[in-house]
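The values are calculated or read from the model by the stated rules, or taken from the named source; none is laboratory data. The model shown is predicted, which means the values in this text are computed figures rather than measured ones. So basically every Cβ, Gly included, is an ideal-geometry build from the backbone, and we count neighbours across all protein chains shown.
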Amino acid sequence: MKKIFNFLLVLGGMLVLSASCNKILEEHPKTIFTPGYFSTPAGVEGGLTALYSHLRDVYGDPYTWSDLEAATDETTFSNSGFRGNDFSTGAHVTADNCPKSGFWNFTYVNTANGIIENATAAGMSESLIAEARFFRAFYYFDMVRIFGGVPLDLGSGELAFNTSAVRVSTRNTVEEVYKKCIFPDLEFALENIPDKPRIGGALSKTAVRILLSRAYLTYAWWLENPKGLPTYPECTRNAGDARTYFQKAYDLAIQGIENPGPYGLESSFYKVSLGSNDYNKEQVFYSDRTEKSEQYNGAPVTGWDQGTNFVCWFHQWNYSAATVNDNTGKATTPIQRTDSQFLGRPWTRLAPTHEALHTFTDIDKDSRFDGTFTWIYRTNWDQFGADTEWVVGPHGNHIGVKEPLLVFLPYVDESVTYPTNLTGNLVSQGFGAKDGVDSYVIDLRGINRFTYPGLWKQGPYRTNTGSPAGAGEANVGSTRPYIIYKFSELYFIAAEAQVKGASAKAGKSAYDLINVIRSRAGKWEFKNNEQEKYSADFSAELTAKTPNPVTIDFLLDEMLREYYGEGKRWFDLARTQQWLERGLNYTITETTTSHTPVTLTRDIIELNYMNPIPQGQINAMQMSEEEKKAYQTPGYWLE
């Protein structure tokens, strides 16, 4: 019998009270689940709410998020970032430092097992059982993509609730994990979860369609295995079956588009990530937070502590370190920390690669650059009660309050210069100048590990601003929901499946589907960084540039433009087996004063498509050294 060590019952749980709040599941702490607890309706509900609550431990955790962003063509480490998970400067991933170890999580798989086994006897509905089965598949899908084959037996039999602490384990194959768990669980969920969530934040049929169609798509790529990548445990892959699963992925994604329920595309890309528009119709599944209650938030809502969502801080340069002379000749800090979605607390862990910024083309027509980054930084000293009248601009001009101090350009502009006589410390910060522009400017040559556009779409948004008056609490984590699935993903899944050979419905080829996304990108309702109303439609110009037929390379570019900074990129590159092609080499300027980009090479090899089992798990096993070695993914054994 396959068994696994001590993934048992001491869980941090939550108990559902009511559906009175239309934004989050209401929770009360539950410190321990015992086997008998799941035999009651309250126990099943408590376990189920624990599954929702656990999402916050992974989705919105900045370290887990950075593990999925680093070492891709989207980002690299910034001046105080993590070199290890970026595979840079000779850093190698081992079982000791496995960057994605947070996804090796069987505690909540076992919670789902307990609910599934006991819910019927406890009188619970098929729809609630379906939610637990969704979560079990959800966790296994993350793990099988990251680690390869993983165990289905936690100690009491395959997919059974484990009630005894054991320390031996056997990994199932990738095929077994999909066919015994992921597909059956999600197919059951698709039949039994309603179109509309039973409560705000709960699962819907659309969420199931997104996960199941993506699972079909990923499994089809795994079967086809165009680059001949290894799998573990070894098993035979029938590449001839790939077409069947690409078709399943296409058909189900199209079904989701044609039967949207309460979901759909927002009218503009800007509105999808606008903090004041959170819980919009495009946000299908999310890890929730609230600024109203520390208990329901699962972390402090004032101050800061572990457990908060501070993803937005990681991709933000230290703008508050820039100084410039003011109207009195004194060096002053013109931009200070606020809880604005454009700013927040800077932690400078990740910076965009030049390849990523260069992918955002037609930025005057394609709104996605403006709806992704903070690329214009405005002065805000008025929010702190300063009596500054103006600060010195690049040409000796005056920059007033709320006016642009610095503008980033995601392309090379040879007319931008980098003077050595700027006031304050702006030279050391890498600021430049451009004739006819009153703000400071940094073009693509000068975007570096220290000074770079921030990630607006993940930025903080709060309504309960604190002190000082008007500045808010810039050093508290974001209480916004972290979006896991968006309705737009159905278009990308169907398009990718069709490119890989799925038969398309009339009017719904990959070209048609991706042009729906590109058409929306061309529609402007507001200039985000310039903070002004703007109505324009460049959809015809953007769709005219879509290649026909669409290719996987083009789709990956579109995915970067649509989902930059959302923790999806490593999965997309790994699934399509393009990680080495797109992530091995990247370009960035290393210092603030060189303005000379360099291309660097990471230490990524084919082995790294599968991550090692975390060493702590290996050490906990009561198995022989040979058995432990056989359990670990080949190439990662620590002597």
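Here is a list: Thr591, Thr551, Thr587. Which entry is polar (S, T, N, Q) and touching a Lys or Arg at 6+ places or on another chain (Cβ under 9 Å)? Result: Thr591 is the single residue among Thr591, Thr551, Thr587 that is polar (S, T, N, Q) and touching a Lys or Arg at 6+ places or on another chain (Cβ under 9 Å). In the set Thr328, Thr353, Thr333, Thr338, only one residue is touching a Gly at 6+ places or on another chain (Cβ under 7 Å) and of a type in the set (S, T, N, Q); that residue is Thr338.
For Ser503, the conditions (1) surrounded by fewer than 22 Cβ atoms within 10 Å (Cβ to Cβ); (2) in contact with a Leu (Cβ under 7 Å, 6 or more places away or on another chain); (3) not aromatic (Phe, Trp, Tyr) all hold with the exception of (2).
Can you find a residue that is surrounded by fewer than 21 Cβ atoms within 10 Å (Cβ to Cβ), basic (Lys, Arg) and modelled with pLDDT of 95 or more anywhere in the stretch 349-368? Yes: the stretch 349-368 contains one or more residues that are surrounded by fewer than 21 Cβ atoms within 10 Å (Cβ to Cβ), basic (Lys, Arg) and modelled with pLDDT of 95 or more. Residues in the stretch 311-368 that are among the polar types (S, T, N, Q) and at positive phi: Thr348 only.
How many residues are touching a Gly at 6+ places or on another chain (Cβ under 7 Å) and not in a strand (DSSP E or B) if we restrict to the stretch 451-464? Number satisfying all stated conditions: 7.
Residue-by-condition table, conditions (1) among the charged types (D, E, K, R); (2) surrounded by fewer than 22 Cβ atoms within 10 Å (Cβ to Cβ); (3) modelled with pLDDT of 80 or more; (4) not assigned by TED's automatic domain parsing to the domain that holds Phe147:
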position	(1), (2), (3), (4)
Leu17	no, yes, no, no
Ser20	no, yes, no, no
His28	no, yes, no, no
Val44	no, no, yes, no
Ala70	no, no, yes, no
Asp73	yes, no, yes, no
Ser80	no, yes, yes, no
Gly84	no, yes, yes, no
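Considering only the stretch 532-639, give the helices (runs of 4 or more DSSP H) lying wholly within it that have at least 3 residues that are closer than 26 Å to Ser509 by Cβ. Show your work before the answer.
Working: elements: 539-544, 552-563, 569-575, 579-583, 615-620, 625-631.
Where helices (runs of 4 or more DSSP H) fall fully within the stretch 532-639 and carry at least 3 residues being closer than 26 Å to Ser509 by Cβ, they are 539-544, 552-563, 569-575.
Do you know which residues across the stretch 207-241 are hydroxyl-bearing (Ser, Thr, Tyr) and surrounded by fewer than 14 Cβ atoms within 10 Å (Cβ to Cβ)?
Looking only at the stretch 207-241, we keep the residues that are hydroxyl-bearing (Ser, Thr, Tyr), and these are 213, 216, 218-219, 231-232, 236.
Residue satisfying the conditions is Thr236 alone.
Being outside any loop (DSSP other than H, G, I, E, B), of a type in the set (A, V, I, L, M), under 24 Å from Arg289 (Cα atoms) and touching a residue at least 60 places away in the same chain (Cβ under 8 Å) is a property that does not hold for Ile493. Evaluate the following for Gln632: is it modelled with pLDDT of 95 or more and at positive phi? Spelling it out, it is not the case that Gln632 is modelled with pLDDT of 95 or more and at positive phi. A Cβ distance below 6 Å, combined with a sequence gap of six or more or placement on separate chains, defines the contacts here; from the stretch 546-561, residues that are closer than 16 Å to Lys500 by Cβ reach residues that are assigned to a loop (DSSP other than H, G, I, E, B) in the pairs Ile552/Thr576; Phe554/Pro547. Select from the stretch 308-347 the residues that are among the β-branched types (Val, Ile, Thr) and modelled with pLDDT of 95 or more and write down the one among them that is surrounded by the fewest Cβ atoms within 10 Å (Cβ to Cβ). Taking the candidates together, the pick is Thr328.
When we screen Gly155, Gly149 for residues that are assigned to a loop (DSSP other than H, G, I, E, B), of a type in the set (Gly, Ala, Ser), at positive phi and in contact (Cβ under 8 Å) with a residue 40 or more places away in the chain, the only hit is Gly155.
Within the stretch 199-214, the set of residues being at pLDDT below 95 and not hydrophobic (A, V, I, L, M, F, W, C) comprises Gly200, Gly201. Filtering the stretch 321-371 to residues that are among the aliphatic types (A, V, I, L, M) and over 16 Å from Tyr452 (Cα atoms) leaves Val324, Ala331, Ile363. Of the residues making up the stretch 337-394, those that are closer than 27 Å to Gly477 by Cβ and among the basic types (Lys, Arg) are Arg337, Arg345, Arg349, Arg368, Arg378.
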